[in-house]
Amino acid sequence: MTIRHFLNLADAGPEGVTAILTDAQARKAARAGFTKGRVDADAPLTGHVLAMVFEKNSTRTRVSFDMAIRQLGGTSIVLDAGTMQLGRGETIADTARILSGYTDAIMIRTDDHAKVEEMAYYASVPVINGLTDLSHPCQIMADLLTVIEAGKTLSGMKVAWLGDGNNVLHSIVEAGGLLGFDVVAACPNGYHPEPGTLELGKGRATCTTDPRAAVEGADIVVTDTWISMGQAHAEEKLAAMMPFQVNADLMALAKPDAKFLHCLPAHREEEVTSDVIDGPQSLIWPEAENRLHAQKSVLRWCFGQIG
Ligand code: CP
């Protein structure tokens, strides 16, 4: 049987993505009010072990995947690159084969997408992309679930992206191409998406340097941190990005019932003002929680239980 890796949304395709979202909604509803550590009644991944390899820091991805596999009846092992032989010269190929002998799935976060592809090539268990320099498919599954919960219809909606052309944008564009929604990215010159990325939108993704045009009539407004947590603030980048800040004036151009998303972590008063990110249109808290619910269904999809 073909191994189901989840390196990008295209691995699941529109049918798989839809199945994951449907399953996530049902499972989330079924455990409403339960304590977080309670295992789901059907415990569908009993006995399964998820290895999580982190070459980059994380709060949401790490905790949500750990809780996801536990709620499904399994368990996880967290491996930080700094304490693995991988971080001291052992190859990805050898690491993939070793972890495949001990565990049932591997989630990896790295700043080099080629490493995730290499892990999947050599692993004999499913590999999940927990964020790379090119994409963040698990984040977008949570975002889509959040948008559906907010009453939006994915097909035909307009998503406005404000910021640089990063990995999160790439996955939003990919989702738009698979599910049939429009993405307008407003990025300053010099910070546009990687060449070829907009093609993932299958004709529905465009890029502009005009933030107001991007947000006009949008159903969803999205941004991301301009400076990764822990990195020194780059004054030149901040100056270029500041006209793309999501603030109340910009949000007023979107549809009256538009919603705001941010994958977090955030720098308030940089990419977004406090009144927007902490205001009534913001969905950041359910968006963050939905990492858990969406990833439970991603795991089930990887094991062939849905889709
Ligand atoms: N959004 C996201 O991936 O958060 P973490 O970096 O905390 O995992």
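Can you tell me how segment 1-133 classifies by the Cα gyration tensor, rounded, prolate or oblate, using a/c under 1.5 as the rounded cut? Please list the in-between numbers first.
Values: a/c = 1.84, a/b = 1.50, b/c = 1.23.
Since a/c reaches 1.5 and a/b is larger than b/c, the shape of segment 1-133 is classed as prolate.
Can you give the Rg/Rh ratio of the chain, where Rg is from the C-alpha atoms and Rh is the Kirkwood radius?
Values: Rg = 18.9 Å, Rh = 19.6 Å.
That ratio equals 0.96.
Is segment 215-307 best put as rounded, prolate or oblate by its Cα gyration tensor, with a ≥ b ≥ c the root eigenvalues, rounded for a/c under 1.5, and otherwise prolate when a/b is larger than b/c, oblate when not? Oblate.
Whole-Hz Karplus values for segment 159-174 come out as 10, 9, 10, 10, x, 8, x, 9, 4, 5, 4, 4, 6, 5, 4, 4 Hz, taken residue by residue from phi with 6.51 cos²θ - 1.76 cosθ + 1.60 and θ = phi - 60°; glycine and proline positions read x. Couplings for segment 11-16, taken from phi via the Karplus curve 6.51 cos²θ - 1.76 cosθ + 1.60 with θ = phi - 60°, read 4, 8, x, x, 5, x Hz in order; Gly and Pro are left as x. Note that segment 234-246 has calculated 3J(HN,Hα) couplings of 9, 4, 5, 5, 4, 5, 5, 7, 4, x, 9, 4, 7 Hz, one per residue in order, obtained from phi through the Karplus relation 6.51 cos²θ - 1.76 cosθ + 1.60 (θ = phi - 60°); glycine and proline are x. Centre-to-centre separation between the Cα atoms of segment 1-34 and those of segment 206-255: 30 Å. Sorting the segments 161-169, 267-275 by their mean number of nearby beta carbons within 10 angstrom, highest to lowest, gives 161-169, 267-275. Were the residues from Val63 through Arg268 laid out at 0.36 nm apart, the gain over their Cα-Cα distance would be 71.5 nm. Treating r as the C-beta distance of Thr208 and Ile98 and R0 as 45 Å, the FRET efficiency rounds to 0.45.
For segment 143-232, count all C-alpha to C-alpha pairs, find those more than 20 Å apart, and express that count as a whole percent of the total. Write out the running numbers ahead of the final one.
On the way: 1212 of 4005 pairs.
In whole percent, the long-distance tail amounts to 30.
In this simple spin-label model, placing a label point 7 Å from the Cα along the Cα-to-Cβ direction at both Glu216 and Glu90 gives a separation of 5.6 nm. As a rough guide to protection, the peptides 225-238, 46-59 ranked by mean Cβ packing within 10 Å, highest first, stand as 46-59, 225-238. Here the peptides 136-144, 251-259, 37-45, 83-91 are ranked by packing, the mean other Cβ count within 10 Å, and the order with the highest first is 136-144, 251-259, 37-45, 83-91. Amide H contacts of Lys259 (H built 1.01 Å from N, in plane; Pro and chain starts excluded): Ile220, Val221 sit under 5 Å, all sequence-distant by 5 or more or on other chains. For the chain, the relative contact order comes to 20 percent (Cα pairs under 8 Å, sequence separation of at least 6). Proximity of backbone amide H atoms, modeled 1.01 Å from N, is registered between Ala185 and Trp161, Thr206, Cys207, Thr208 at under 5 Å, excluding neighbours fewer than 5 places apart on the same chain.
No value in this document is a laboratory result; all are computed from the given coordinates. Just so it is clear, the model here is predicted, and its values are computed rather than measured. For neighbour counting, all protein chains shown are included, and Cβ atoms are generated from backbone atoms with ideal geometry for every residue, glycine included.
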